[in-house]
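To start, the structure under review is shown below, and the notes come after it.
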Amino acid sequence: MRNKVYLMLGLAAGAAAFTLTLSSRVSIPRGAKAVSPFDKKKYLGTWYEIARMDFRFEKGLDHVTATYSLIDDETIRVDNRGFNVKDQEWRQSIGKAKPAGALSEGRLKVSFFCPFYAGYNVIAIDPEYRYALVAGNNLKYLWLLSREKTMPQEIRESYLEQARALGYDTNQLVWTNQLITDE
């Protein structure tokens, strides 16, 4: 009887560890390459979301920003904020990001629900770090980000072309309203 209990506990622990490993796996969409070299310190600060592939945690949000700040040498604090139009209230989510590859690559793993991580891959960025194209683990997650509330048309079109070449259906993008008069 005692051996059966130990066996069951061992199987349960193994299943939990396996599930945790799978849920924390981060990747990059097939064919995509993260920016390299990537300067993490230049990436810090506030970014305005210009467009996104919509998903559960951002549904109904406008005026979305992401602010990145250093916690330590490798860990970045992620502060996502957006206005829920339906509920007429601000929503905020705090998480952390760590390198998911070489420190010189724009590959991060982000967690808002520890210990679960998702891929955050900067796949295009301009030399001044004003505009970025970010891919998630797969073709369900994509963001166009800007240091300003708008993005020049030529940058936007270039990023959309890159996304389509990877297989993203850019017709599914939600264009974030960033025009707001006050908080």
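The table for this structure:
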{"quantity": "Euclidean distance between Cα centres, segment 73-103 to segment 118-142, Å", "calculated": "14"}
{"quantity": "Listed peptides 112-120, 136-144 by packing density, highest first (mean Cβ within 10 Å)", "calculated": "136-144, 112-120"}
{"quantity": "Alpha-carbon Rg/Rh ratio, for segment 28-175, with Rh computed the Kirkwood way", "calculated": "0.93"}
{"quantity": "Difference of contour (0.36 nm per residue) and Cα-Cα distance, ARG164 to TRP90", "calculated": "23.4 nm"}
{"quantity": "Using distinct alpha-carbon pairs, which all enter the 1/r mean, Kirkwood radius of segment 106-161 in Å", "calculated": "12.2"}
{"quantity": "Computed lengthening from ASN177 to THR46, 0.36 nm per intervening residue step minus Cα-Cα distance", "calculated": "45.5 nm"}
{"quantity": "Residues listed by number, segment 29-62, amide nitrogen under 19 Å from ARG147 label point at 7 Å toward C-beta", "calculated": "35-51"}
{"quantity": "Relative exposure of THR150, THR65, judged by other C-beta atoms within 10 Å (fewest first)", "calculated": "THR150, THR65"}
{"quantity": "Residues in segment 97-120 reached by a label modelled at LYS140 [backbone nitrogen below 17 Å; 7 Å Cα→Cβ]", "calculated": "110-113, 116-120"}
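No value in this document is a laboratory result; all are computed from the given coordinates. The model shown is predicted, which means the values in this text are computed figures rather than measured ones. Every residue, glycine among them, receives a Cβ derived from its backbone with ideal geometry; neighbour counts consider all protein chains shown.
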